[in-house]
Amino acid sequence: MARRRRQLTAEEKALWDQVASTTTRLAPEAPTVVPDDPVRAPSHHPAPAPAPIPRFRVGAKVDLKPKHSIAGPIHEALAAAPISMDHKTHRKMTKGKLSPDARIDLHGMTLHEAHGELTHFILSSHEKGHRLVLVITGKGKDRDEGGPIPTRMGVLRHQVPQWLRLPPLGRLVLQTTPAHLKHGGHGAYYVYLRRTR
């Protein structure tokens, strides 16, 4: 139940009028009108009308490609991430001028299989003293199955950077970035590992 707004008493109103009489209006030619209820005051910018729903005819073809994305492109998020490694080495790596010490292909694996394989690969690569490794995920499917919950495009491609940030791999990984075209482009990642101590 909504609470009623408290009204000013005669004494409070008189005090306010006394204070207001000592002030000078900044723009007397354009007095400010304060609505009774600022929360419900009408907006000066009306909301845009929703886009019309296209007509559908029985037998017409339906575009099953989703017009939405659960998250922005992962390569943009990785490109915006701060550089944690030597800038000169990073520049060489992103231009494909460094050869990976080892590589793993997760393409075609389930999430469960891929997570285990990636964890083992990164741990053993770090133990061997590798610095740059290549993780191939594939670009992933570009269609939604039409279920009630939207499907992310390229599940492995989105999941691998998350796994590389979480324990036990996060403490070993210095930088993750999309691979150069000659090493797989957006279907693969360069993973730069910390030095073995």
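The values are calculated or read from the model by the stated rules, or taken from the named source; none is laboratory data. Quick caveat, the model's predicted, so the values are computed rather than measured. Neighbour counts run over all protein chains shown; Cβ positions are idealised from the backbone, glycine included. Just the protein is used for accessible areas: all its heavy atoms, side chains included, with ligands, DNA and RNA removed. Shrake-Rupley method; radii C 1.70, N 1.55, O 1.52, S 1.80 Å.
General remarks:
- Subset of segment 154-168 [in a loop (DSSP other than H, G, I, E, B) and either more than 16 Å from residue 189 (Cβ to Cβ) or at pLDDT 85 or above (or both)]: 166, 167, 168
- Among residues of segment 171-188 that are closer than 13 Å to residue 135 by Cβ, those with a beta-carbon under 7 Å from a residue that is open to solvent by 20 Å² or more (accessible area, probe 1.4 Å) and of a type in the set (Ser, Thr, Tyr) at least six positions away or on a different chain give the pairs 175/84; 175/192; 177/94.
- Check on residue 23, over 30 Å from residue 162 (Cα atoms), of a type outside the set (Lys, Arg) and at pLDDT 65 or above: yes
- Residues that are open to solvent by 30 Å² or more (accessible area, probe 1.4 Å) and either modelled with pLDDT of 95 or more or within 21 Å of the chain's Cα centre (by Cα) (or both) within segment 130-145 comprise 130, 131, 136, 139, 140, 141, 142, 143, listed in sequence order.
- Subset of segment 152-197 (residues that are open to solvent by 30 Å² or more (accessible area, probe 1.4 Å) and under 20 Å from the mean Cα position of the chain (by Cα)): 152, 153, 155, 157, 159, 162, 165, 166, 186
- Some residue of segment 37-50 being open to solvent by 100 Å² or more (accessible area, probe 1.4 Å), charged (D, E, K, R), modelled with pLDDT under 80 and under 26 Å from the mean Cα position of the chain (by Cα): no
- Against the criterion of being out of contact with any helix residue (DSSP H, G or I) (no Cβ under 8 Å at 6 or more places or on another chain) and modelled with pLDDT of 75 or more, residue 54 qualifies.
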